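Presented below is the structure to which this report refers.
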Amino acid sequence: MHGRGFVFGAATAAYQIEGAAHADGRVPSIWDTFSATPGKTHLGNTGDVACDHYHRYEQDVALLADLGFDAYRFSIAWPRVMDANGRLNQRGIAFYQRLLDRLDAHGIGAWATLYHWDLPQHLQDRGGWLNRDTAYRFADYAEAMGRIFKGRMAGWMTLNEPFCSAYIGHSEGRHAPGLTDVRYGVEAMHHLLLGHGLATIALRAHDEAPVGLVANVCAVTPASDSAADRIATERAAASANHWPLDALFLGRYPAPLRDLWPDAHAPVRDGDMAAIGVPLDFLGINYYFRQVIASDGAHGFVVKPLPGVERTQMGWEVYPDGFRDLLLEFRQRYPKLPPIYITENGMASDDAVQAGRVHDAQRARYFNSHLAAVDAAMRHGVDVRGYFAWSLMDNFEWSYGYEKRFGLVHVDYRTQARTPKDSALAFKQFLEARRAAA
Ligand code: IFM
């Protein structure tokens, strides 16, 4: 990680920061609908204004540059760049051209995610990810983005965290579109991954920048040595980690999912698994925490929080060893594993500005310990090429609204003032020292 080519960046996503929900021809997304539905988000918070990044992107890119990052991971909002008839919206596209111009001016590499959960509502009205056709519409969108932004990206990411889109959105209902049937989650995952495979080919038809998919993964540990807890943990690992990754790199869905969800079936057609398994230039990994798993007494599992361990504002356990162990596990499990970028890692804390400073010592420790875990995995031979902190700034944390603060930079949502937190200043020092040593 101290080598020259290793990329250090910060990450965001469109709906979480942009705001300007009705500007310049943007059409509604499933998150506009979901967050406007009473009871779905903390205090009814929405992304209508968020960090107003749509109007403040110049300041935000300047902040990124000042902190010393050489890369920025952001997402393109599909509802901003295409209308309901699939026609391109030039005013929405112009925003991303302006953003890319600013990044270029500061010498910051642009890493664009095509889908960070904001499906256009008009596609949801036709079944969304439960409709196979959405995978083809996603490929059309990817084709247009590859053509328009050819030569401007350092890297492309098709999907962000298909587990969350599929399972949290369609099986648990805590995310848009808010459906609650385990069978829907399994169908949605298949169409998402099919869309990813088709989009990868579509991007490559125009652009040479590396293409990858971003998966969230979670360390899982059995609560006891009992056979029941160990089997439950295998099932938890299958759903939390291996579900998309086995499909991408082994050409099949993990067997324990059949025991976990016996009534759910992926709608696989001939050729789908080959399309999903298109070789990737890199895999994006998002890691945050560990879960301790016990059997639920039937064919499922429950999470048993360990008492007395360090946790974040989300209640997530701080467990850097799990990060190293997962990276090592993936290298063993997937002979076709491409190089890895850590596309998200970070923590939420209840931060406040005091006399112009934000003292978030826990976050600085979190970054240190997790970077050390990545470094340890690299020393054991895992090919990691970059690390993106989540997030550049506090933002709309989905159903948790604005209560949870993941930013390196504090955002006052009343005034939109940005204040780099102590952890951002520590990151800046680290990046300066690294540059000086290079
Ligand atoms: O804020 C989210 C992000 O959108 C996806 N990965 C996890 C982050 C923290 O919950």
Practice item. Among the candidates 219, 236, 228, 255, single out the residue that is of a type outside the set (D, E, K, R), buried (at least 19 other Cβ atoms within 10 Å of the Cβ) and out of contact with any Lys or Arg (no Cβ under 6 Å at 6 or more places or on another chain). Key: 236
Review point. Only one residue in 114, 88 is under 18 Å from the mean Cα position of the chain (by Cα) and farther than 21 Å from residue 59 by Cβ. Which one?
Key: 114
Check your understanding: If residue 329 satisfies every condition in (1) closer than 30 Å to residue 249 by Cβ; (2) in contact (Cβ under 8 Å) with a residue 60 or more places away in the chain; (3) acidic (Asp, Glu) but one, which is the exception?
Key -> (2)
Exercise for review: Output the number of residues of region 371-388 satisfying the condition of being under 19 Å from residue 311 (Cβ atoms) and either under 17 Å from the mean Cα position of the chain (by Cα) or without any contact (Cβ under 8 Å) to a residue 12 or more places away in the chain (or both).
Suggested key: 0
Practice item. Could you check, for region 348-358, whether at least one of its residues is without any contact (Cβ under 8 Å) to a residue 60 or more places away in the chain and surrounded by 15 or more Cβ atoms within 10 Å (Cβ to Cβ)? Key: yes
Review point. If we scan region 399-420, do we find a residue that is among the polar types (S, T, N, Q), within 16 Å of the ligand (Cβ to nearest atom), closer than 30 Å to residue 174 by Cα and touching a helix residue (DSSP H, G or I) at 6+ places or on another chain (Cβ under 8 Å)?
Key: yes
Point to revise | Tally, over region 306-322, of residues that are closer than 19 Å to residue 372 by Cβ, among the aliphatic types (A, V, I, L, M) and surrounded by fewer than 18 Cβ atoms within 10 Å (Cβ to Cβ) | key: 1
Exercise for review: Give the residue, chosen from 203, 194, that is out of contact with any Phe, Trp or Tyr (no Cβ under 6 Å at 6 or more places or on another chain), surrounded by 20 or more Cβ atoms within 10 Å (Cβ to Cβ) and assigned to a helix (DSSP H, G or I).
Suggested key: 194
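Can you find, within region 105-144, the residue that is nearest to the ligand (Cβ to nearest atom) among those that are basic (Lys, Arg) and touching a residue at least 40 places away in the same chain (Cβ under 8 Å)?
Among those that are basic (Lys, Arg) and touching a residue at least 40 places away in the same chain (Cβ under 8 Å), it is 137.
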Review point. Any residue at all in region 67-76 that is in contact with a Gly (Cβ under 7 Å, 6 or more places away or on another chain), within 30 Å of residue 139 (Cβ to Cβ) and not basic (Lys, Arg)?
Key: yes
Review point. Looking at (1) more than 16 Å from the ligand (Cβ to nearest atom); (2) aliphatic (A, V, I, L, M); (3) more than 30 Å from residue 328 (Cβ to Cβ), which is the only condition residue 382 fails?
Key: (3)
Check your understanding: Among the residues of region 311-333, is any over 21 Å from the mean Cα position of the chain (by Cα) and under 15 Å from residue 217 (Cβ atoms)?
Key -> yes
Point to revise | Residues within region 281-294 that are away from the ligand (no atom under 16 Å from the Cβ), crowded, with 18+ Cβ neighbours inside 10 Å and more than 17 Å from the chain's Cα centre (by Cα), tallied | key: 3
Check your understanding: Which condition does residue 423 not pass, out of (1) away from the ligand (no atom under 16 Å from the Cβ); (2) more than 19 Å from the chain's Cα centre (by Cα); (3) among the small types (Gly, Ala, Ser), if it passes all the others?
Key -> (1)
Check your understanding: Do we find a residue being touching an Asp or Glu at 6+ places or on another chain (Cβ under 9 Å), aliphatic (A, V, I, L, M) and within 16 Å of the ligand (Cβ to nearest atom) anywhere in region 216-233?
Key -> yes
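Laboratory data are not the source of any read-out in this text; all were calculated from the coordinates shown. The structure presented is a predicted model; accordingly, all values stated were derived computationally and were not measured. For neighbour counting, all protein chains shown are included, and Cβ atoms are generated from backbone atoms with ideal geometry for every residue, glycine included.
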